[in-house]
Amino acid sequence: MNKSVSNTGRLLGAALRMLLVLTVVTGILYPLAVTGIAQALFHDKANGSLVKVEGKEVGSELIGQSWDLPKQNPEDENEAARPDPKWFQPRPSNSGYDPLATGSSQLGASDPRLVEAVKDAKKQAAEFNGVPASEVPKDAVTGSASAIDPHVSPEYAQIQVKRVAKENGLTEQQVAKLVEDNTQGRTVGFLGEPHVNVLKLNLALKALTKS
């Protein structure tokens, strides 16, 4: 009996020592090492790819945001958001671009509610941008799976050029050049699709209107 108790004690002691070692290695040393390497080699990305203007954080390259007009009645929580025609608009977001409430609408492609919502969104996008409904690309009327996609397709950005130019007193050529300069190709040449970061595009637009 004493030998059995002694063996059990040794096993428990070994298990506790192993737990302590693994806790230190995987819970302290490894996270510190990874964090240190990330901060040294990928400082901006490790901190959320934050974008700063004149030292002030204005957003992240990884998280989309709304570009709406101020509310007419700030106290009314039910007042619908109105997109600001001066800015390039992102794709629709089921969460209002709240990073704490990500996720799609979960409606299937054949769901009548989604079909109707897309039809309404397409009509609104066409009217808002002054283009035929046939020119409205799919990302202008559908949200992303995360609901915080910071990018739009070059096609969606291009149909907004005329509106943005008019609202800001610029030529369409000037605004079209902004879209061209801010269009990113496929990752490593073949992954994903060409895209435009809306935050970067609007910051370039803001800089142009000040020049």
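The values are calculated or read from the model by the stated rules, or taken from the named source; none is laboratory data. Please read all numbers here as calculations on a predicted model, not as lab measurements. Note that we place each Cβ from the backbone using ideal geometry, even for glycine, and neighbour counts take in every protein chain shown.
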* Residues being surrounded by 16 or more Cβ atoms within 10 Å (Cβ to Cβ) and either within 17 Å of Gly143 (Cα to Cα) or touching a Lys or Arg at 6+ places or on another chain (Cβ under 6 Å) (or both): count how many of those fall in region 84-98. => 10
* Asked: Taking region 99-116 as the region of interest, how many residues are in contact (Cβ under 8 Å) with a residue 40 or more places away in the chain and surrounded by fewer than 16 Cβ atoms within 10 Å (Cβ to Cβ)?
  -> 4
* **Only listed residue being assigned by TED's automatic domain parsing to the domain that holds Gln174, within 22 Å of the chain's Cα centre (by Cα) and not in a loop (DSSP other than H, G, I, E, B), chosen from Tyr97, Tyr156** => Tyr156
* Exclusive hit being loosely packed, with under 14 Cβ neighbours inside 10 Å and over 23 Å from Ala126 (Cα atoms), set Glu79, Glu75, Glu61 -> Glu75
* Which condition number in (1) under 30 Å from Ala207 (Cβ atoms); (2) part of a helix (DSSP H, G or I) is the one that Gly143 fails? -> (2)
* Asked: Restricting the search to region 155-168, which residues are within 17 Å of Pro90 (Cβ to Cβ) and either buried (at least 18 other Cβ atoms within 10 Å of the Cβ) or among the aromatic types (Phe, Trp, Tyr) (or both)?
  -> Tyr156, Ala157, Gln158, Ile159, Gln160, Val161, Arg163, Val164
* Could you list, in sequence order, all residues of region 190-204 that are under 15 Å from the mean Cα position of the chain (by Cα) and part of a helix (DSSP H, G or I)? => Val198, Leu199, Lys200, Leu201, Asn202
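Specify which of the listed residues (Leu114, Leu100, Leu170) is over 19 Å from Gly59 (Cβ atoms) and modelled with pLDDT under 95.
Leu114
Rundown of residues vs (1) among the hydrophobic types (A, V, I, L, M, F, W, C); (2) at pLDDT 80 or above; (3) under 25 Å from His151 (Cα atoms), yes/no style:
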position	(1), (2), (3)
Pro31	no, yes, no
Ile37	yes, no, no
Ala46	yes, no, yes
Lys52	no, yes, yes
Lys56	no, yes, yes
Ser60	no, yes, yes
Ser66	no, yes, yes
Gln72	no, yes, no
